[in-house]
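First comes the structure, then the notes that go with it.
The values are calculated or read from the model by the stated rules, or taken from the named source; none is laboratory data. Quantities reported herein were computed from a predicted structural model and do not represent experimental measurements. Cβ atoms come from the backbone with ideal geometry, glycine included; neighbour counts cover every protein chain shown. Heads up: the accessible areas ignore ligands, DNA and RNA and are worked out on the full protein's heavy atoms, side chains in. Shrake-Rupley method; radii C 1.70, N 1.55, O 1.52, S 1.80 Å.
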Amino acid sequence: MAPDALVRLENVSKVFPGGVVGLDAVDLDIAAGEFLTLLGPSGCGKTTSLRVIAGFESPTSGNVLLEGGDITGLRPFDRPVNTVFQDYALFPHMDVAANVGFGLSLRKLSGTEQAKRVGQALDMVGLADKLRARISELSGGQRQRVALARAIVCEPRVLLLDEPLSALDAHLREQMQVELKRLQSRLGTTFVMVTHDQTEALSISDRIVVMNKGRIEQIAPPATLYDRPATRFVASFIGTMNLLQSRFVGRDGERLRFTAGELPLVAIPETGEIPAVGDA
Ligand SMILES: Nc1ncnc2c1ncn2[C@@H]1O[C@H](COP(=O)(O)OP(=O)(O)O)[C@@H](O)[C@H]1O
Ligand SMILES: [Mg+2]
């Protein structure tokens, strides 16, 4: 475990009633202050991972740690974690201030302190002038910002975001990607975001976790994932990659020689095992 890991999933599995495997022996360290993105196709376990971190789902086996302490049995409200849900889950009959202040109203804070914090959170997301607006009067992008403000107002250590931008049109989504990243640097809060959009993941993240069928395929910064995919799945999921079935035929010093059908190929490995002659 990295000594500075804020959150750690330790061998976490989740099997749902009926036997569907949501997570399969997941090990994951999340560093304090990083922007981590969970990326993968639908059904690969991204939302389940977030729900396990938030405490909405308890693992079938394995542990969830916060700064080295076991929080597996802790209720969601007792964790310093907040979630921006995919559908925002705002209260349509309440105004913006009441929505943002909802989490605070459950805590013992004076009215003045609550109002101050709500104001600051709305300021952060550029909605200071919408304090008294009703949710139904807001655009999709504005609703998204309200959901963000409501999640950051309680000053969580970890902010979980489940496909936070998927409901927005392409132009607004790009703008909000920049804003999310800026907000995260300004707050210094750890963000864990889920997306199935590789462009979004590559542009916004410090590190990306590529998931497939409940397992982690690779954890790496965007450039490493792009240049050095660890598995065939990652290579085919990230970027537009040409995969060649090839045969290892021998080496000349540093150079490894392969053939892909008629095509001779040469590779110079940076690290790693040299394969035996045969299929590569
Ligand atoms: N409450 C549940 N009951 C049964 N199966 C579930 C439940 N939640 C998720 N699953 C299954 O677990 C797998 C992972 O789901 P999920 O984490 O929601 O995927 P993702 O967010 O990556 O699309 C899927 O096969 C899904 O159908
Ligand atoms: Mg999901």
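If I stretch the segment between Phe56 and Asp227 completely, what's the gain in nm (0.36 nm per residue apart, minus their alpha carbon distance), one decimal?
Numbers: separation 171, 0.36 × 171 = 61.56 nm, distance 3.58 nm.
Working it through step by step, the gained length comes to 58.0 nm.
Counting Lys and Arg as +1 and Asp and Glu as -1, what is the net charge of the other residues whose Cβ lies under 12 Å from the Cβ of Gly55? Write out the running numbers ahead of the final one.
Values: positive: Arg51, Arg75, Arg79; negative: Glu57, Asp78.
Within the 12 Å Cβ shell, the charges total +1.
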| If the chain between Ser139 and Ile268 were fully stretched, how many nm would it gain, using 0.36 nm times the residue separation less the Cα-Cα distance? | 41.2 nm
| request: Please give the peptides 244-252, 90-98 ranked by average Cβ packing (other Cβ atoms within 10 Å per residue), highest first, as a rough proxy for protection. | output: 90-98, 244-252
| From phi via Karplus (6.51, -1.76, 1.60), per-residue ³J(HN,Hα) for region 254-263 in Hz, x at Gly/Pro | 5, 7, 9, 10, 10, 10, 10, x, 7, 8
| remark: With 0.36 nm assigned to each residue of separation and the Cα-Cα distance removed, Gln120 to Thr199 gains 25.4 nm
| request: Compute the relative contact order of the chain as a whole-number percentage, counting only Cα pairs closer than 8 Å that sit 6 or more residues apart in sequence. | output: 20 percent
| Can you list the lysines whose alpha carbon is less than 22 Å from that of Lys116, not counting same-chain residues fewer than 8 positions off? | Lys108, Lys130
| message | Given the -39500 (n - 2.57) contribution per DSSP H run of 4+ residues, what per-residue ellipticity at 222 nm results for the chain, rounded to the nearest 500 deg cm²/dmol? | response | -9000 deg cm²/dmol
| query | Cross-link partners among lysines for Lys46, C-alpha distance below 24 Å, same-chain residues fewer than 8 apart left out? | reply | Lys14, Lys181, Lys213
| said: What figure, in Å² to the nearest 10, do you get for the accessible area of Asp129 with a 1.4 Å probe and non-protein molecules left out? | reply: 120 Å²
| note | Of all DSSP beta bridges with both partners in the chain, the antiparallel percent, nearest 5, is 65 percent
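Round to a whole number: what % of the accessible area of the chain belongs to carbon and sulfur, probe 1.4 Å?
Numbers: 7310 of 14290 Å².
Reported share for carbon and sulfur atoms: 51 percent.
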| Label-point separation in nm, Ser105 to Leu131, each point 7 Å along Cα→Cβ | 1.7 nm
| log10 of Debye I(q)/I(0), alpha-carbon scatterers only, for region 5-237 at 0.12, 0.15, 0.17, 0.18 Å⁻¹ | -0.67, -1.02, -1.26, -1.38
| Using alpha-carbon pairs under 8 Å, 6+ residues apart, how would you state the relative contact order of region 33-143 in percent? | 20 percent
| message | At 1.4 Å probe radius, can you tell me the per residue accessible area of the chain in Å²? | response | 51 Å²
| task | Could you tell me which of rounded, prolate or oblate describes region 125-171, using a ≥ b ≥ c as the square roots of the eigenvalues of the alpha-carbon gyration tensor, with rounded for a/c under 1.5 and, failing that, prolate when a/b is larger than b/c and oblate otherwise? | result | oblate
| query | By how many degrees, between 0 and 90 and to the nearest 10, does the Cα long axis of helix 96-105 differ from the longest principal axis of the chain? | reply | 90 degrees
| field | Per-residue HN-Hα couplings for region 28-37 [Karplus 6.51, -1.76, 1.60; θ = phi - 60°; Hz; x = Gly/Pro] | value | 8, 9, 10, 7, 4, x, 8, 9, 9, 10
| field | Angle in degrees between helix 170-187 and the longest Cα principal axis of the chain, rounded to the nearest 10 | value | 80 degrees
